[in-house]
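Visitor: Sharing a structure here in structure tokens format.
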Amino acid sequence: MRIDRKTSREIEEITCLYEIAKALGASLDLRASLHSTLDILATKLGMTRGTITILNPVVSELQIEVAHGLTAEARKRGRYKLGEGITGKVVESGQPMVVPKISEEPLFLNRTRSRGGLAKQDISFICVPIKAAQKTVGALSVDSLFQTDVSLDEDLRLLTIISSLIAQTVTKIQTMEKEKELLINENLELRHRLTDKYSISHIVGNSSRMKEVYEMISRVAGSNATVLIRGESGTGKELVAHALHYNSRRAHKPFIKVNCSALPETLIESELFGHEKGAFTGAIHQKRGRFELAEGGSIFLDEVGELSQNIQVKLLRVIQEHEFERLGGTQTIHCDVRIIAATSKDLEDALRRGTFREDIYYRLNVFPIHIPPLRERRTDILLLAEHFLERFCRENNKKIRRISTPAIDMLMQYHWPGNVRELQNCMERAVLVCDEEVIKSYHLPPTLQTPGSSRTHSHLSLAEAVDNTEREMIIEALKETRGNQSRAAQYLDTSLRILNYKIHKYGLDPKQFKVS
């Protein structure tokens with residue numbers, strides 16, 4: 001079957017467009033994609049020289065980004081102002097230009113000096129704009145030996161299609177780069193927030209015992225030493241672990257948390273060290289363990305005293321040799337991970353009973369930090385209560401200004417077996433049930449109002465309960481009015497005489513509520 005010249009040209013164009021579209025979509029490297037485009041044009045359509053010029057909007061200057069058939073020095077010389085030469089006019093106007101013979105076109109500047117003397121050159125030159133989002137961002141230009149039997153209009157149509165493909169690729173890559181930059185900035189912002197949130201200054205407490213804790217954190221945070229955080233449940237061991245990581249040189253690396261008491265023994269090894277495909281029933285693919293995920297950062301082993309002796313042996317090897325194998329695997333994996341462990345368990349008693357290995361105890365206990373229970377730092381109770389009050393008011397859109405004196409007394413007198421966590425829960429409940437501007441004693445949980453607390457040692461009679469409520473209301477009124485009895489009487493909607501009687505009855509001193 002004989003194929004005429006026109007059909008052959010169409011086949012070449014379709015093949016060329018396919019190759020270019022494939023090249024532009026094959027890589028996110030814009031420069032490499034553009035180079036491939038010009039190479040395809042040279043191979044498929046006989047282009048001798050070609051350039052892709054990009055506009056710098058800051059200085060309104062055009063610079064050759066990639067070129068075919070030009071030396072590096074020639075590319076550097078290829079600079080144009082908007083409106084300067086053919087390329088400058090095409091970008092400025094957004095309209096293509098066709099020059100059948102560059103030797104007869106005064107606008108052709110030959111700035112790259114790659115064509116020698118123009119007087120003897122019969123070269124056709126076509127320049128088309130590259131438009132992205134309705135804006136001209138550059139130009140595609142090609143030249144070839146002048147031939148009278150070749151339609152330059154057909155070349156122009158083809159190059160216009162190719163410039164459209166280039167524009168789509170430029171837009172896609174620029175969008176992806178912007179999204180990548182946005183994600184990087186968001187990631188940095190989140191890391192800054194985490195660093196700020198878990199800074200030592202954000203741990204609430206100014207008692208002497210807590211100042212000792214802050215001192216210990218400051219001393220060890222910047223090192224790679226293994227830290228063992230000791231303390232009762234609810235004292236804030238995880239908060240200290242966060243502070244250690246986010247105030248260290250590893251702050252920009254992962255912080256992986258593992259609750260050793262929450263995972264069954266059959267799964268803890270796989271969770272910590274990972275497993276290979278087929279290591280056990282249900283292991284349908286390879287899994288990376290927490291130590292691999294924490295590479296370069298820190299791993300927090302909460303309730304480490306609950307680990308079985310079998311896992312303790314494998315953990316000991318990680319601490320000593322910084323290496324391990326996945327469950328069911330033979331390849332040794334080296335890791336650079338800082339270990340921060342915590343326990344509420346009496347490890348010394350576990351040593352005596354033989355449930356905790358002595359060797360791993362001494363490996364973990366390199367730098368112990370003891371978090372005191374809340375009952376041993378009572379000066380922090382009110383500070384913490386006010387901190388939680390502000391936090392839960394903000395979360396629940398409430399406007400509670402303060403905690404009443406009787407409620408403060410109850411908080412101070414309670415023994416807090418659940419430590420800071422219990423106080424946090426107590427204040428959250430109080431905020432939720434309070435519809436006033438002040439947290440009163442009856443807003444606090446029943447556990448603080450039982451005979452177990454020092455508020456009372458026997459069941460209150462109705463008269464005693466009324467007296468307690470009345471006394472609390474008078475104290476709040478005197479606080480509100482800064483000891484002004486007349487205004488306090490108005491606040492309580494009673495007479496000054498009755499208020500004075502009640503003040504003497506309950507042994508209150510209005511002067512103590514005055515602000516000097």
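Visitor: Just how large is the dipole of the chain about the Cα centre, in debye to the nearest 20, putting +1 at every Lys and Arg Cβ and -1 at every Asp and Glu Cβ?
Guide: Working: 72 positive and 67 negative charges, 218 e Å.
For the chain, the charge dipole is close to 1040 debye.
Visitor: Points 7 angstrom from Cα along the Cβ direction at Glu179 and Ala465: gap in nanometres?
Guide: Reported label-point gap for Glu179 and Ala465 is 6.3 nm.
Visitor: Here's a follow-up. Quickly work out the Glu386-to-Val433 label distance, labels modelled 7 Å from Cα along the C-beta direction, and quote it in nm with one decimal.
Guide: For Val433 paired with Glu386, the spin-label model returns 2.4 nm.
Visitor: What are the chymotrypsin sites (Phe, Trp or Tyr not before Pro) within region 213-291 that DSSP puts in a loop, where the Cβ has at most 13 other Cβ atoms within 10 Å?
Guide: Those that pass, being in a loop and sparsely packed, are Phe280.
Visitor: Tell me, Leu496, Leu228 in order of fewest to most beta-carbon neighbours within 10 Å?
Guide: In order of increasing Cβ crowding within 10 Å: Leu496, Leu228.
Visitor: If you don't mind, there's one more thing I want to ask. If I require 24 Å or longer along the helix axis, counting alpha carbons, and a Kyte-Doolittle average no lower than -0.5, what helices from the chain are left? Use full DSSP H segments.
Guide: Long hydrophobic helices here: 5-26, 152-197, 462-480.
Visitor: Would you indicate which of (1) 143; (2) 308; (3) 162 is the value of volume of the Cα convex hull per residue in Å³ derived from the coordinates of this structure?
Guide: Among (1) 143; (2) 308; (3) 162, the one derived from this structure is (2).
Visitor: Also, I was wondering about something else. Using the number of other C-beta atoms within 10 angstrom as an exposure proxy, rank His202, His443 with the fewest first.
Guide: His202, His443
Visitor: Right, another one. Of Lys22/Lys178; Lys76/Lys172; Lys314/Lys345; Lys180/Lys277, which pairs sit farther than 31 Å apart, going by alpha carbon to alpha carbon?
Guide: Working: Lys22/Lys178 23 Å; Lys76/Lys172 27 Å; Lys314/Lys345 20 Å; Lys180/Lys277 33 Å.
The answer is Lys180/Lys277.
Visitor: Can you work out the FRET efficiency for the pair Glu295 and Ile319, with r the C-beta to C-beta distance and R0 = 25 Å, to the nearest 0.05?
Guide: 0.95
Visitor: Students often check this: by mean Cβ neighbours within 10 Å, which of 169-180, 336-347, 314-325 ranks highest, and how do the rest follow?
Guide: 336-347, 314-325, 169-180
Visitor: Let me ask another. With unit charges on the beta carbons (Lys and Arg positive, Asp and Glu negative) and the dipole taken about the Cα centre of region 460-516, which residue among Tyr506, Leu478, Ser461 sits farthest to the positive side?
Guide: Highest projection toward the positive end goes to Leu478.
Visitor: If each residue of separation counts as 0.36 nm, what is the full-extension length gain between Ile161 and Arg401 once their alpha-carbon separation is subtracted?
Guide: 79.6 nm
Visitor: May I ask for the net charge around Asn484, where only other residues with Cβ less than 15 Å from the Cβ of Asn484 are counted and Lys, Arg are +1 while Asp, Glu are -1?
Guide: Summing Lys and Arg as +1 and Asp and Glu as -1 gives +2.
Visitor: What's the local net charge at Ile162, with K and R +1, D and E -1, over the other residues with C-beta under 14 Å away?
Guide: -2
Visitor: For Lys502, go through the lysines and keep the ones whose alpha-carbon is under 28 Å away, minus same-chain ones fewer than eight residues off.
Guide: Within the straight-line limit of under 28 Å, Lys502 reaches these lysines: Lys440, Lys479, Lys511, Lys514.
Visitor: Can I ask one more? So if each residue of separation counts as 0.36 nm, and I subtract the Cα-Cα distance between Thr447 and Ile284, what length gain in nm does that give? Kindly include the intermediate steps, with their values, before the conclusion.
Guide: On the way: separation 163, 0.36 × 163 = 58.68 nm, distance 4.95 nm.
Fully extending the segment from Thr447 to Ile284 adds 53.7 nm.
Visitor: Still on this structure, please answer the following. Which whole-number percentage describes the relative contact order of the chain, with Cα contacts under 8 Å and a sequence gap of 6 or more? It would help to have the intermediate numbers written out before the result.
Guide: Details: 780 pairs, mean separation 48.0, N = 516.
Answer for the chain is 9 percent.
Rule-based calculations on the coordinates, nothing more; no lab input. None of the values given here were measured: they were computed from a predicted structure. Don't worry about glycine lacking a Cβ; one is built from the backbone with ideal geometry, like all the others, and counts go over all protein chains shown.
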